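The values are calculated or read from the model by the stated rules, or taken from the named source; none is laboratory data. Keep in mind that what you see is a predicted model, and the values were worked out from it rather than measured. Neighbour counts run over all protein chains shown; Cβ positions are idealised from the backbone, glycine included.
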Amino acid sequence: MDDIVVSLKNITKRFPGIVANDRVNFELRRGEVHTLLGENGAGKSTLMNILDGIYQPDEGEIYINGKLVEIKNPSDAMRLGIGMIHQHFMLVETLTVLENVILGLAEQGLYINKKEISKRIEEVSDRYNLCINPSTKIWQLSVGEQQRVEIIKTLFRGAQILILDEPTAVLTPQEVEVSFEIYKQMIEEGKSIIFISHKLNEVMDISDRITVLRKGKYIGTVDTDKITEKELATMMVGREVLFRLERKPHERKDKVLQVSNLKALDDKGLLALNGLNLEVFSGEIYGLAGVAGNGQKILSEAIAGLRKVIDGKITIAGKDLTNASASEIFAHGVSYIPPDRLKMGLVPNLSSVDNAILRRYYKPPIYNRHLINYSEAERYAKKLIEEYDIMVPREDAPVKLLSGGNMQKLLLAREISEQPKLLIAVHPTRGLDVGATEFVRRELLKQRDNGVAVLLISEDLDEIFMISDRIGVIYEGQILDTFDIKEAKIEKVGLLMAGMKSEREFSEQVCSTV
Amino acid sequence: MTSQSSIFVTLSSTAVRSGTILLLPTLGEIFAERAGILNLGIEGMMIIGALFGFIAGFVTKNPYIGFVVGMIAGGLSALIHAFVSITLRGNQIVSGLALTIFGLGITNFFGQPWINRKFTIPVKDYAIPGLSKIPYVGQIFFHQDLFVYFSYVLMIAMWFMLFKTKLGVHLRAVGENARASDAMGVNVNRNRYFWTFFGGLLAGGGGAYLTLVYAPFWLDGITAGRGWIALALVIFAMWNPLYAFIGAYLFGGIDALQFQLQASGTTIPSSLLNMQPYLLTLIVVVAATIVLRKRHIGTPRELGEPYDREER
């Protein structure tokens, strides 16, 4: 007998300029893992935020256990037994685990019995083997642990229906396995899970049924055992997808970047790079794998000249450029694709033309007798826009109006056109749809074939394995190991990302981090 | 007691009273900022409390009624700021500054007929049994009026509430991460409204204490920048109610000293003396900021940021 706990009917949600959900249907049975699959921007999170009461639908109906309901806010959702674990954790970093749990408690009364709640947290933690200490502050926990705190929070509030919004995006492969075990245990206890993802292999692994969304529209629902990964990909993207990019054999030439014994501090003044060593050669893509916050960002900033280092040496094409200014480093042939295109890569309120010339407005022919020659600037911008097939409403429209993919293309076009010796690309495909992602990866490969040294920093392990020639793993500000792509194994890289050398060490580590 | 130590005691006990004028608004602003609302309108709320508290006290001939009316006047004026910054999601800096200008303006207008009138009913001091017998400390801290005692109790109660109760967790959470609080079922707007109002109550109370007890008369602009000092004291106290009194009494001491010096006919130009509190404010803020940076204590993360649930 099918026992339907959640039923969403004809849900429509509009945001200024876009329809995020267009008459979407969704059904969840008791005791199943039901995946909501779709690309970035397909409307998965929007739909679940509606179920959690964060957004209000413009049209459509929500049934919980067969009853029509209205979910006005997250407290309503909580009362209906719905708990959501958001992609960006809903945790107050300066508070302790205990205090974060207290936040969600419905019990009234001024005084809180911290001892008793602590004990209950420990019980839940033990039951699911989560290993969380209630008195730790959130900011002291790793991302994986923070996610387990989110799980504790939802369990504590008696959630029967769990919504997990891309929970694996921030985890190492081993942590993913551990969390899948936790989900299975919850299912055994009669809970139901909605799992949001765009990673096909995981989806096939964990779910009973899959509902696919594309561009805000409902495409269909399928049983996992009756569909292949390839068919699923076609449903998700709307066309055939190539899983492999063609690659010419790798020709390694001169050493372009040498980083030795580098030490640097992060914004809080803590040591983020701790004697890091790294070499990148021309004609290769060096993929740097690692869990976010292990020094990747600091390293890229140090090389690009955006952050002072306290010790060590950075040599680019044989020249010592330690602590040189960003413009000096650029002048020596380093291009930089920063992690956040809207905050660092582009100036959102300026036009495509202004953004395109940021690297050369001070050089002739655009710079002409103390003035900017705008007809020259426009010509240059148009050339980039045509060459890279960038869709812009008009050249003088602010770039913030472009789609993520087109912004990234513009940024990439600007940086590559400077014919760098070294290209630093940090999360170059984050938040892009499949088409734009493919474009960016091809472009990086093209640069490599042209003899550019590419340092690719990414949280997406699949991406790193797909296009890198060598893979290094960064952990707590050091490179733990480097592999040739032919010898690299994803399990080994995953373990190193968690700072461990072997499987055994990992199973011991899960509970000793507290 | 020698005459020197008796001067010290008199001066110190005046410092506590003068400090109370600052302590109340500082405590209020600590909670408002903890909830994520920066209110630069303290000066305005204080002077509104000062005038309306004074008028109410004068009319009813009762300083306690005056104090309560002053608090309510301050609280109501804070609601303007709450409406602009919470409901309309406006710019809190602009709104707060506007509130200060509004307060100075409205009191200038309604205060005309009251200029130089004096509130002559003395407020009684009470000695706390036992505590008042402690040498020096008893004389300074426990021979005071009810308003001062009220501020002691308030300070400790606020500290307890902030760190030991569920309400306190809610308050801290909405200022640190409104979205997370909302997702956990905490009503962000209601919390922010309430604590902004609460901040206004205490700012108004501080103003009323000034015109009813410390300098019991009305003059245009009588708060003389104390609201801005209170704002600096919030940083100095590192957003902890329990540390608020240190800064407040320090400035109270400077104020009392300046009073004393001017009364004794010193040759130091009065403009130089009047400069002291502001000079000290600068020094305190610079010093406090350095300490905060060293100890990695920051402002509440989302201070001054409006919250919109449906924003993406």
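Annotations
- One residue from A:Ile64, A:Ile82, A:Ile112, A:Ile71 being more than 14 Å from chain B (Cβ to nearest Cβ) and either modelled with pLDDT of 90 or more or under 18 Å from B:Met184 (Cα atoms) (or both): A:Ile64
- For beta carbons closer than 7 Å, sequence separation of 6+ or different chains, a first residue in region A:161-176 that is assigned by TED's automatic domain parsing to the domain that holds A:Gly190 and over 24 Å from A:Leu28 (Cβ atoms) and a second that is modelled with pLDDT under 90 and of a type in the set (Asp, Glu), the qualifying pairs are A:Pro173/A:Glu491.
- Qualifying residues in region A:43-65 (those that are closer than 17 Å to A:Asn10 by Cβ and of a type in the set (Gly, Ala, Ser)) - the one surrounded by the fewest Cβ atoms within 10 Å (Cβ to Cβ): A:Gly60
- Tallying residues that are charged (D, E, K, R), closer than 21 Å to A:Lys253 by Cα and in contact with a strand residue (DSSP E or B) (Cβ under 9 Å, 6 or more places away or on another chain) within region A:435-462 yields 1.
- Taking the numbered list (1) assigned to a helix (DSSP H, G or I); (2) modelled with pLDDT of 90 or more in turn, A:Gln56 passes all entries but (1).
- A residue that is more than 14 Å from every other protein chain (Cβ to nearest Cβ), at pLDDT 90 or above and more than 30 Å from A:Lys115 (Cβ to Cβ) cannot be found anywhere in region A:134-150.
- Of all residues in region A:281-293, those being within 20 Å of A:Leu495 (Cβ to Cβ), surrounded by fewer than 22 Cβ atoms within 10 Å (Cβ to Cβ) and at pLDDT 90 or above number 0.
- Flag if A:Glu395 is surrounded by 15 or more Cβ atoms within 10 Å (Cβ to Cβ), in contact with a strand residue (DSSP E or B) (Cβ under 7 Å, 6 or more places away or on another chain) and not aromatic (Phe, Trp, Tyr): yes
- Within region A:294-303, not a single residue is buried (at least 23 other Cβ atoms within 10 Å of the Cβ) and assigned to a strand (DSSP E or B).
- Conditions (1) within 9 Å of chain B (Cβ to nearest Cβ); (2) part of a strand (DSSP E or B); (3) of a type in the set (D, E, K, R); number of the one not met by A:Glu27: (1)
- Of all residues in region A:346-374 being touching a residue at least 24 places away in the same chain (Cβ under 8 Å) and not aliphatic (A, V, I, L, M), the one that is surrounded by the most Cβ atoms within 10 Å (Cβ to Cβ): A:Ser352
- Among residues of region B:74-107, those that are part of a helix (DSSP H, G or I) and either among the hydrophobic types (A, V, I, L, M, F, W, C) or loosely packed, with under 14 Cβ neighbours inside 10 Å (or both), counted: 19
- Applying the criterion of being without any contact (Cβ under 8 Å) to a residue 60 or more places away in the chain and out of contact with any Ser or Thr (no Cβ under 8 Å at 6 or more places or on another chain) to the residues of region B:255-265, the residue that is surrounded by the most Cβ atoms within 10 Å (Cβ to Cβ) is B:Gln258.
- With respect to the conditions (1) surrounded by fewer than 24 Cβ atoms within 10 Å (Cβ to Cβ); (2) in contact with a Ser or Thr (Cβ under 7 Å, 6 or more places away or on another chain); (3) not in a loop (DSSP other than H, G, I, E, B), B:Gly53 lacks only one, and its number is (1).
- Yes/no for A:Glu123 being more than 14 Å from every other protein chain (Cβ to nearest Cβ), part of a helix (DSSP H, G or I) and surrounded by fewer than 23 Cβ atoms within 10 Å (Cβ to Cβ): yes
- Selection from region B:217-235 of residues that are assigned to a loop (DSSP other than H, G, I, E, B) and either at positive phi or touching a Leu at 6+ places or on another chain (Cβ under 9 Å) (or both): B:Trp218, B:Asp220, B:Gly221, B:Ile222, B:Thr223, B:Ala224, B:Gly225
- Residue tally, condition aromatic (Phe, Trp, Tyr) and either under 26 Å from the mean Cα position of the chain (by Cα) or within 23 Å of A:Pro393 (Cα to Cα) (or both), over region A:320-360: 1
- Of all residues making up region A:341-373, the number that are more than 19 Å from A:Ile390 (Cβ to Cβ), of a type outside the set (A, V, I, L, M, F, W, C) and outside any loop (DSSP other than H, G, I, E, B): 3
- Among the residues making up region A:85-100, those that are more than 7 Å from chain B (Cβ to nearest Cβ) and either on the phi > 0 side of the Ramachandran plot or not in a loop (DSSP other than H, G, I, E, B) (or both) are A:Ile85, A:Thr96, A:Val97, A:Leu98, A:Asn100.
- Residue match in region A:476-491 (condition: modelled with pLDDT under 90, touching a strand residue (DSSP E or B) at 6+ places or on another chain (Cβ under 6 Å), assigned by TED's automatic domain parsing to the domain that holds A:Gly275 and surrounded by 15 or more Cβ atoms within 10 Å (Cβ to Cβ)): yes
- Of the helices (runs of 4 or more DSSP H) lying entirely inside region B:108-202, those carrying at least 3 residues that are within 14 Å of another protein chain (Cβ to nearest Cβ) are B:146-164, B:166-176, B:178-183.
- Filter pass, A:Leu164 being in contact with a Phe, Trp or Tyr (Cβ under 6 Å, 6 or more places away or on another chain) and within 22 Å of A:Leu105 (Cα to Cα): yes
- Filtering region A:18-46 to residues that are within 16 Å of A:Ala233 (Cα to Cα) and acidic (Asp, Glu) leaves only A:Glu39.
- Filter result (surrounded by fewer than 17 Cβ atoms within 10 Å (Cβ to Cβ) and closer than 16 Å to A:Leu346 by Cβ) within region A:416-436: A:Glu418, A:Gly431
- The listed residue being of a type outside the set (S, T, N, Q), in the same structural domain as A:Thr12 (by TED's automatic domain parsing) and more than 20 Å from A:Asp225 (Cα to Cα), out of A:Arg209, A:Arg148: A:Arg148
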